[in-house]
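The values are calculated or read from the model by the stated rules, or taken from the named source; none is laboratory data. Given the structure is predicted, the values throughout are model-derived calculations rather than measurements. Here the Cβ positions follow ideal geometry from the backbone for every residue, glycine too, while neighbour counts run over all protein chains shown.
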Amino acid sequence: MRSNTLTGQALRQMYKAGAERLTQHVKKVDALNVFPVPDGDTGTNMNLTFTSGVTELEKSQEKTVEKISAIFSRGLLMGARGNSGVILSQLFRGFAKGLSGVSEADSYRLAEAFQQGVEMAYKAVMKPVEGTILTVAREAAAAARKAARSCSVEDVIETLVEAARQALANTPNQLPVLKEVGVVDSGGQGLVYIYEGFLSAVKADVTFDKPEMEAESVVAGGTSLFGEAHEEMHHVIDQTNIQYGYCTEFMVHLKPDTPFLQQEFQERIGSYGDSLLVVADDDLVKVHIHAEEPGDVLSFAHRYGALDRIKIENMRLQHEEVLRRQETKQIAQAQKPDDDLERVSASSEPKKASKLYAIISVASGKGIAKIFRSLGVQIIIEGGQTMNPSTEQFMHAIEEADAERVIILPNNKNIVMAAQQAADLAGVQVAVIPSTSIPQGMSSLLAFSADEQLETNRERMSEALGYVKTGLVTYAVRDTTLNEIVIKEGDFIGIFDSNIVVSGRDPYETALRLITEMVGEEDELITLIYGTDVKGEDMKELEKRLASLYDAYEVEVHDGGQSLYPFIIAVE
Amino acid sequence: MKLYIVTDSTADIPKELAAELDIHIVPLKVHIGDMTYLDGVTLSTGEFYEKLAQADKLPRTSQPSPADFVDVYESLAAREEDGEVISIHLSSALSGTYQTANLAKDMVREKINVHAIDSRTASYALGAIVVAVARAARVGNGLQYCLDLTQRLIANHKAFFVMDTLMYLQKGGRIGKASAVLGSLLNVKPILTFDEAGEVAAVEKVRGKKKAVGRIVDLINEYAAGEPVVASVVHATSHEEAEALKVRVAETLNITEDIVVTELGPVIGTYGGPGLLAVMLYKV
């Protein structure tokens, strides 16, 4: 379907296909981590972010590229997790701005929209680094713009994908650490998957390397085609008069001895309803039909073999729900002066907050949460190493905090941007202190004073981040060599600020060696926060050794209850 | 005209020095169990900390009665015609002592002229100021000079202290603006000071006493800014730490006389508790 304009419906399909292709490769993107640590989650973050855009889209019936891209963008903005997720949300926010005012986009307009996305994303990053998702997005958009002068929409996207792949392949030449580890940039790879998904939606015969799916057969695994067709059908339903009330889906494991003629099967089962879709291979048939008597459909199909994965939904009830949701949304939108993304904050009406200050902190582990609470944190967002909270989670926390001034401690490098995005959207004053570790969060909290202005607190708390050194002990998930340190899968590694400095077979030894690397003459206090994997006996032994090795220092030990990281160490 | 200098027992002025400079000290009272002691008179600092360690209830303290002040003022009036008294006392934000001195001052008006002054500080921060004023009076400086000097030194003084525990301060109801730092699971040590109103206020929070003492040295140097100062180190049952701190302070400050090391007396000790360390100074 070569076409010179991109319709709203096609854009919907693009987003969905992009999400699907990314979903299929989440693990692969997660694995593209420079550090062999167990919490590589770029793929997970991007996928959750992008999927939240699709979810938002599914709640709407909009038809123009303007509206569809705006809704998608809002979904991304709220669902953004991790730095890669935030950048992604900004890319598609700019993309939506580029499509504003049009119901269908020509190739030129489309390419310009990609370019606007790039500009928006660059603005969101304080110090853009080349060799990342930003580079991939930029080079892809640049190529798309060149192609747009003479090409169709389909060609523009094909060029986009090609240029994105090339830019991705080049990332190790831009970021030396990628080359050292032998990977391409994870965020860039995620974006390439999304763009490839886009291409598959506008171009009929695209083939990629087969994704590693646990497909039991083409039919069962090929949810993509089936799912899209299904969605398409739901969009064309006459919403006011549903004749066949039940959306019925199921699979039939064909009896080996019974002949199956798809043509005949389709005609006969089609008499029970409409919106029929039948996909079959040698031994499995997948059926989608809207019927008034789903029981009859199932009885009929049962003659051909055993039924499986039956799903029946009442479309009349669903439809009412959709209408109700749309109505609420329309009312909400009518109350707003315009539909700008800046105004997504749920609590936009001014109301008096119940207190002056509230501090929100991200932390994982019961013990760590307790410590943070004791230092004056009101709201803990569970997360950090294993799960990066979304912009929306921060928005909810800010609302729940119910304070005039809110301070957020992300305590992880990969969470700072999502917190900042929420701060920008919030209706109250919010200061995000760019803390990148638990020790930094603790140090920062000590600098807080409720008697001071938010700006003063921001300054002091940010300055306090530099008063402490952070050490982490975790385990390696693959073999690698970094900074001339040979690491084997399963080894424990010690990370000092953001460098791997030691590795070893034993977590306690690794912790001791890491501390030796960290402690300097000017230091006075060593704090050890141990995780769930640490045993009481060994811990006591470690405490004893620390006390005798560092008798000139104060040593504090706390049960943090965190997973994945046996030790979090603060030296100050 | 003879000028007399009066203060109260919370100034922690060593007895010999007080005697030498003719400084008159009105004792506050300490109640431990059923017993009432006169601070520094019937209860020495050493005895107090021993009793504190054994007491199952925290001691209570009370200001001198108006009569206690009247007795001192009248005894001075009896010494010489038209004498003048400068009576410098513990921060009015922490105790009613200053207020009581004012009351007594009116009661003795016929006999002697008393100038009561709120130092807005305590312990040897107060003590050092009283000593400086007494010395100035001794070498013949007049009333107005000594009153001006008192105000100038109060305006140019600073005290930073750290406590092993805030429990005494809290239970004694003197925690003031430092209450925000209570309840932490980490070993958080607030660095405390007397603010302009003479109330206890937290300047900073740091973790561990070592860091706290280090920060006190930094802060006191920031305040002194290289100017000549008279400094002292005050401690509660921490002689060794105090001596070490004295050396650090002497190395970094521009001191004009030897650093006095003194122990926190029973009344303020009731709120500071054992382990307290402080550096106090005024700019000359």
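Data table
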| read-out | value |
| --- | --- |
| Residues of the stretch A:435-453 classified as more than 13 Å from chain B (Cβ to nearest Cβ), out of contact with any Ser or Thr (no Cβ under 7 Å at 6 or more places or on another chain) and crowded, with 17+ Cβ neighbours inside 10 Å, total | 1 |
| Filter result for A:Ile368 (within 14 Å of chain B (Cβ to nearest Cβ) and under 22 Å from A:Leu564 (Cα atoms)) | yes |
| The stretch A:420-434 - residue that is touching a Ser or Thr at 6+ places or on another chain (Cβ under 8 Å) and either crowded, with 24+ Cβ neighbours inside 10 Å or hydroxyl-bearing (Ser, Thr, Tyr) (or both) and, of those, farthest from the other protein chains (Cβ to nearest Cβ) | A:Gln421 |
| Helices (runs of 4 or more DSSP H) (entirely within the stretch B:1-96) containing at least 2 residues that are under 30 Å from B:Asp148 (Cβ atoms) | B:15-20, B:66-79 |
| Any hit, the stretch B:167-185, residues being within 14 Å of chain A (Cβ to nearest Cβ), within 22 Å of B:Val233 (Cα to Cα) and without any contact (Cβ under 8 Å) to a residue 40 or more places away in the chain | yes |
| Number of the exception - B:Ile259 against (1) within 22 Å of B:Pro190 (Cβ to Cβ); (2) more than 14 Å from chain A (Cβ to nearest Cβ); (3) aliphatic (A, V, I, L, M) | (1) |
| Those helices (runs of 4 or more DSSP H) lying entirely in the stretch A:70-185 with at least 2 residues in the same structural domain as A:Met46 (by TED's automatic domain parsing) and buried (at least 23 other Cβ atoms within 10 Å of the Cβ) | A:82-98, A:107-124, A:133-148, A:153-174 |
| Unique match (being surrounded by fewer than 18 Cβ atoms within 10 Å (Cβ to Cβ) and either on the phi < 0 side of the Ramachandran plot or away from chain B (no Cβ under 13 Å) (or both)) among A:Glu524, A:Glu541 | A:Glu541 |
| Candidates A:Glu543, A:Glu484, A:Glu489, A:Glu537 - the one that is farther than 22 Å from A:Ser437 by Cα and in contact (Cβ under 8 Å) with a residue 40 or more places away in the chain | A:Glu489 |
| Number of positions in the stretch B:195-214 that are without any contact (Cβ under 8 Å) to a residue 60 or more places away in the chain and either within 19 Å of the chain's Cα centre (by Cα) or more than 10 Å from chain A (Cβ to nearest Cβ) (or both) | 4 |
| A:Ile500 outside any loop (DSSP other than H, G, I, E, B), within 29 Å of the chain's Cα centre (by Cα) and within 14 Å of another protein chain (Cβ to nearest Cβ) | no |
| Some residue of the stretch A:482-489 being in a helix (DSSP H, G or I) and either away from every other protein chain (no Cβ under 14 Å) or surrounded by 20 or more Cβ atoms within 10 Å (Cβ to Cβ) (or both) | no |
| Checking A:Pro38 against (1) in a helix (DSSP H, G or I); (2) of a type outside the set (Val, Ile, Thr); (3) closer than 28 Å to A:Arg478 by Cα, the condition it does not meet | (1) |
| Odd one out for B:Ala104, checked against (1) in contact (Cβ under 8 Å) with a residue 24 or more places away in the chain; (2) under 24 Å from B:Gly269 (Cα atoms) | (2) |
| Complete set of residues in the stretch A:487-524 that are farther than 15 Å from A:Leu549 by Cβ and of a type in the set (A, V, I, L, M, F, W, C) | A:Ile487, A:Phe492, A:Ile493, A:Ile495, A:Phe496, A:Ile500, A:Val501, A:Val502 |
| Residue in the stretch A:6-16 that is in a loop (DSSP other than H, G, I, E, B) and either buried (at least 23 other Cβ atoms within 10 Å of the Cβ) or over 16 Å from the mean Cα position of the chain (by Cα) (or both) present | yes |
| Residue satisfying condition, being at pLDDT 95 or above and either assigned by TED's automatic domain parsing to the domain that holds A:Arg138 or more than 24 Å from A:Thr5 (Cβ to Cβ) (or both), within set A:Leu57, A:Leu22 | A:Leu22 |
| The one condition in (1) in contact with a strand residue (DSSP E or B) (Cβ under 6 Å, 6 or more places away or on another chain); (2) within 13 Å of chain A (Cβ to nearest Cβ); (3) within 21 Å of A:Glu554 (Cβ to Cβ) that B:Leu192 fails to fulfil | (2) |
| Matching entry among A:Asp559, A:Asp551, A:Asp497, A:Asp523 (being within 30 Å of A:Pro176 (Cβ to Cβ) and outside the structural domain of A:Ala369 (by TED's automatic domain parsing)) | A:Asp497 |
| Residue within the stretch A:503-520 that is within 32 Å of the chain's Cα centre (by Cα), away from chain B (no Cβ under 14 Å) and part of a loop (DSSP other than H, G, I, E, B) present | no |
| Scope the stretch A:269-284; condition at pLDDT 80 or above and surrounded by 13 or more Cβ atoms within 10 Å (Cβ to Cβ); matching residues | A:Ile269, A:Gly270, A:Tyr272, A:Gly273 |
| Residues located in the stretch B:224-261, provided they are among the hydroxyl-bearing types (Ser, Thr, Tyr) and either assigned to a loop (DSSP other than H, G, I, E, B) or under 11 Å from B:Met280 (Cα atoms) (or both) | B:Ser232, B:Thr237, B:Ser238, B:Thr256 |
| Condition check for A:Tyr565: within 14 Å of chain B (Cβ to nearest Cβ) and within 28 Å of A:Val432 (Cα to Cα) | no |
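Let's see how each residue does on (1) under 27 Å from B:Glu241 (Cα atoms); (2) modelled with pLDDT of 85 or more; (3) outside the structural domain of B:Ala122 (by TED's automatic domain parsing); (4) not aliphatic (A, V, I, L, M):
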{"position": "B:Tyr145", "(1), (2), (3), (4)": "no, yes, no, yes"}
{"position": "B:Met163", "(1), (2), (3), (4)": "yes, yes, yes, no"}
{"position": "B:Leu169", "(1), (2), (3), (4)": "yes, no, yes, no"}
{"position": "B:Ser179", "(1), (2), (3), (4)": "yes, no, yes, yes"}
{"position": "B:Leu182", "(1), (2), (3), (4)": "yes, no, yes, no"}
